[in-house]
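One structure is given below, encoded as structure tokens.
Only the coordinates and a few stated rules stand behind these numbers; no lab work does. Owing to the predicted nature of the structure, the values given are computational and were not obtained by experimental measurement. Positions of Cβ are backbone-derived with ideal geometry, glycine not excepted, and every protein chain shown enters the neighbour counts.
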Number of protein chains: 2
Amino acid sequence: MSGHAETLAFSAKAGKREAGTRERLLHAAAAVIQDGGWTSASVGAIAKRAGVAAGTLYRHFDSKADLFVEVFRAVSHREMSAMRTAEIGTTSFAERFDAIVRTYADRALRNRRLAWALVYEPLDAAVDRERLTYRRAYSEGMAALIRQGIASKTIPNQDADLAAAAVVGVIAESLVGPLSPVARETTPDAAIVAAIVTFCRRVIGLPG
Amino acid sequence: MSGHAETLAFSAKAGKREAGTRERLLHAAAAVIQDGGWTSASVGAIAKRAGVAAGTLYRHFDSKADLFVEVFRAVSHREMSAMRTAEIGTTSFAERFDAIVRTYADRALRNRRLAWALVYEPLDAAVDRERLTYRRAYSEGMAALIRQGIASKTIPNQDADLAAAAVVGVIAESLVGPLSPVARETTPDAAIVAAIVTFCRRVIGLPG
DNA sequence: ACTATCCGTGAACCCGGATTCACATTGCGG
DNA sequence: CCGCAATGTGAATCCGGGTTCACGGATAGT
């Protein structure tokens, strides 16, 4: 993984002593996915990155899919937390909206590949189920927020669910989409995030 | 495939006589992808759908990837044409923008799975290269249109490339995203498309 | 120290699916 | 009518990658 300091909150409920192999496997998996997506994340590659043998993985997970589901959960959880943290302290609807969008965009920008894999790349039925759950939760959160804005007459009345999807779409496409590497290199991340926020505001009709 | 009448413009440059097996394979591939994505599109499945043996595929294509690239090209070409057709006859910027967005959304809505596979699902390096080319072309077209709007002072000044990405994102996420099947079933397609158009207009700051 | 378990190992095994190939079959030019 | 080349066939082969398993080496409790 590039260099994201934060640690995945992989419940270290350790069986007995265990030097933390399980956690290392989870982190290794996230790392491999981050630079290569699901396809490059073979059991061999993950094990190697974790510094263990392939078979070891099965001492800790029933299957590869199982491991992936757990990675997915951990990362999703981390993202959701970040989002919630971002909105504490905000007072107005506009502030809250900006904070959330900015946080989401900002974070996705750092771990593009991983974010992309988690949000889009289809893979396994089990993982897909997890993905759907996560997206629904996220979408619903955004939709709820939008409803608040509508209720407070800060933004015009509209289909909150569709609007939420639209907002997510703006962020996703702008950040993790098949980014034309050229254009992106030259634009500083901060500027991109700022633009994203502007577009998202417009989508929901929030003057700004 | 569900029931889309139009035919893929697969250049029928036929080698000699050929009952059109090559074309049938291409159509079969598109059909299989339409209801199942890349993963379900095995050589066996495609061949079966085309009513030929697996080996036959290799009489017409160097490899599976090769076939996919061609399917991709054909479909992309078809979509681009539709878009161009949609904009003829329009006079104002707003009209043109609406027409294009509506067309894109409308078509994606019909062949969701296929659209999704083509736009997002990663697969093969060769196909991905093709995808990138297509997306770049599409994005640039949209960006160019947006620049027109800016030039004519119909919409505020902005980063046209990012705005284009945002527009594409809105459409993609709203239509082919992991759509919560529930909500969508109840909302008529026309309403969805209308909402999409509204959101897209807002993204670029087009009053309406 | 002794044993029951846990943990790690990596080669062997298995399986789905792409690719190949030796063998028909068909159409066309001569 | 003959032969050659294009096509079609489907069983055999290959191959990447997930999963299993018999075999040590460590650890904790007695």
note = Expected max-MSF residue from B:P188, B:P122, B:P156 in the GNM of chain B (alpha carbon, under 10 Å) is B:P188
task = Working from Cα positions, state the angle (0 to 90°, nearest 10) between the long axis of helix A:160-176 and the longest principal axis of chain A.
result = 60
task = Quote the convex hull volume per residue of chain B, based on C-alpha atoms, as a whole number of Å³.
result = 131
task = Scan around B:Q158 for amide H atoms under 5 Å from its own, H built in the peptide plane at 1.01 Å from N, and keep only partners 5 or more places away or cross-chain.
result = none
request  = Go from 0 up to the bin containing the longest alpha carbon distance in the range B:16-94, width 5 Å each, and give me the % of pairs per bin.
outcome  = 3, 14, 23, 20, 12, 8, 7, 6, 4, 3, 0
Label-point gap, in nm, between B:A125 and B:D35 - each point 7 angstrom along Cα→Cβ = 3.5
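Per DSSP H run of n ≥ 4, the term is -39500 (n - 2.57); total these for chain B, divide by its residue number, and report the mean residue ellipticity at 222 nm rounded to 500 deg cm²/dmol. Present the calculation step by step, with values, prior to reporting the outcome.
Working: 11 runs with 149 residues, N = 208.
Theoretical 222 nm ellipticity from helices: -23000 deg cm²/dmol.
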inquiry  = If you take every residue apart from B:A115 with its C-beta less than 13 Å away from the C-beta of B:A115, what net charge results, scoring Lys and Arg +1 and Asp and Glu -1?
reply    = +2
key: FRET efficiency estimate (nearest 0.05) - Cβ-Cβ, B:N157 to A:N157, R0 35 angstrom   = 0.75
query = Along the axis that rotates chain A into chain B, which residue of chain A has the nearest beta-carbon, and what is the gap in whole Å?
reply = A:G169, 2
inquiry  = For chain B, take the longest principal axis of its alpha carbons; what is the angle in degrees between that and the long axis of helix B:125-151, to the nearest 10 within 0 to 90?
reply    = 20
Residue mean of other protein chain beta carbons inside 10 Å, B:193-204 = 5
remark   = Most fluctuating of A:V52, A:V127, A:V75 in the GNM of chain A (C-alpha, under 10 Å) is A:V52
ask   = So what's the net charge close to B:V43: Lys and Arg +1, Asp and Glu -1, counting the other residues with Cβ under 14 Å from its Cβ?
value = +1
query = Averaged over A:155-168, how many beta carbons belonging to a partner chain fall within 10 Å of each residue's beta carbon?
reply = 6
ask   = If r is the Cβ-Cβ distance from B:R110 to B:I88 and R0 is 22 Å, what FRET efficiency results, to the nearest 0.05?
value = 0.55
message = How shielded is B:112-123 by partner chains, expressed as the average number of their Cβ atoms within 10 Å of its Cβ atoms?
response = 2
Backbone HN-Hα couplings from phi across the range A:62-73 [Karplus 6.51/-1.76/1.60, Hz, Gly and Pro as x] = 5, 7, 5, 4, 4, 4, 4, 4, 5, 4, 4, 4
